[in-house]
Amino acid sequence: GKTLVKSVIHWARECGVKKIELEVGEANKVAVLLYKSFGFFSEGLRQKTFLKNGKYWNTIRMSLFID
């Protein structure tokens, strides 16, 4: 996962992208911590975004500004 995120950030810088946005399942704590370790921050919570195994799940909207 780290290699992929690092590659995407590098590609974004090379292409002049100023902001990367993503959504991650709130229950996916490992992914949330991974994104935070690269400087992503939470911009909000989307409630009941998808249904899985009869249960609704929330997603966190995360962003990273590229310098």
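Data for the structure
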read-out	value
Pairwise label distance in nanometres, Phe50 with Val17, each label 7 Å out on the Cα-Cβ vector	1.9
Neighbour net charge for Ser42 - beta-carbon separation under 12 angstrom, K R +1, D E -1	-1
Size descriptor, Kirkwood hydrodynamic radius, that averages inverse alpha-carbon separations across the chain, Å	12.7
Surface accessible to a 1.4 Å probe, per residue, for the residues of the chain, Å²	74
With all protein chains modelled, accessible area of Leu33 [1.4 Å, Å²]	120
Reachable aspartates and glutamates from Lys29, criterion Cα separation under 19 angstrom, eight or more residues apart if same chain	Glu21, Glu43
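The values are calculated or read from the model by the stated rules, or taken from the named source; none is laboratory data. Fair warning: this is a prediction, and the values are worked out from it, not measured in the lab. Note that each Cβ is placed from the backbone with ideal geometry, even for glycine, and that neighbours are counted across all protein chains shown. Note: areas computed on protein heavy atoms with side chains; ligands, DNA, RNA excluded. Shrake-Rupley method; radii C 1.70, N 1.55, O 1.52, S 1.80 Å.
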